[in-house]
Amino acid sequence: MPHATGRVDPARAVVFAPLDGNGRAALVEQRLSDAIVSGILHDGERLPSESDLSRSFGVALVTAREALEVLRDKGLVKTRRGRDGGSFVTFDRESANRLLERRLREHSRIELRDFALHTAAIAGTAAETAAERASDDDIENLVRIDAAADPGTAGGARRALSRFQLEVAAISQSPRLVHEEMKLQSEAGPLLWMCLREQEYRDRSALARSRIIAAIRDVQPDAARATTLALIDDAFDWLVDERARIDETTADSASDQKDSP
């Protein structure tokens, strides 16, 4: 089975993978918004053309066009005309954080736990199976991915985590696990890994990668799974605390407005 490394950036492959369902413009817009606010798509980056987007996502041309219009309205994309024109990412950290926080508030604790449980089931099984099946070349690939990681920013840490988890899934030699991992990264990843905005959690993610590589090298499937699950549990706990903080801040702001003359 071909691995995720050496051909395309797996994090970007997740962004532009075909959509499940009926291909509504809202789904295209959500996929691209998540990629922008999580740092996978960079500020100033040119997006694929409308026709290329429609082919990548498996949607009608008009659907891709509508999604780009919404992104422009949100200030996440600007379109220029002419030979060097196209649609370009306009990343504003404060706006991106507000979008993610708004999305976080739309999910209950039960829904967030479901995200975490589903992610843990897929990523944990992939890590466990990879430890049983990895070759020396597979381990070298994981080491290279870890060495190339850029933990200095949330986007860099997110891309490193995405690439690492997809490679672990590929090493498991299960196409279904790879497909599920890609699907989860596009649907749950932007929320679940919001914690990577903080350096402490970027450091934890880097340490977890090192421990997972060691467990796979030493053929310790239980350790590979346990380390993966612990990382996801940390992310879930951070999400719950962050949601409570946002709710409290919003309530305080509403109270202040009510009390003001």
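The values are calculated or read from the model by the stated rules, or taken from the named source; none is laboratory data. Values in this document were obtained by computation on a predicted structure and should not be read as measured data. Heads up, the Cβs are rebuilt from the backbone with ideal geometry, glycines too, and the neighbour counts pull from every protein chain shown.
Side notes on the structure shown:
- So residue 33, is it surrounded by 19 or more Cβ atoms within 10 Å (Cβ to Cβ) and assigned to a strand (DSSP E or B): no
- The residues of the stretch 237-248 that are in contact with a Cys (Cβ under 9 Å, 6 or more places away or on another chain) and hydrophobic (A, V, I, L, M, F, W, C), listed by number, are 238, 239.
- Restricted to the stretch 120-192, the set of helices (runs of 4 or more DSSP H) holding at least 3 residues that are modelled with pLDDT of 85 or more comprises 136-147, 154-171, 175-187.
- Apart from one condition, residue 72 fits all of (1) basic (Lys, Arg); (2) modelled with pLDDT of 85 or more; (3) out of contact with any strand residue (DSSP E or B) (no Cβ under 9 Å at 6 or more places or on another chain); the exception is (3).
- So residue 125, is it over 17 Å from the mean Cα position of the chain (by Cα), in contact (Cβ under 8 Å) with a residue 40 or more places away in the chain, in the same structural domain as residue 27 (by TED's automatic domain parsing) and surrounded by 15 or more Cβ atoms within 10 Å (Cβ to Cβ): no
- Of all residues making up the stretch 75-102, the number that are touching a strand residue (DSSP E or B) at 6+ places or on another chain (Cβ under 9 Å) and either in contact (Cβ under 8 Å) with a residue 60 or more places away in the chain or assigned to a strand (DSSP E or B) (or both): 8
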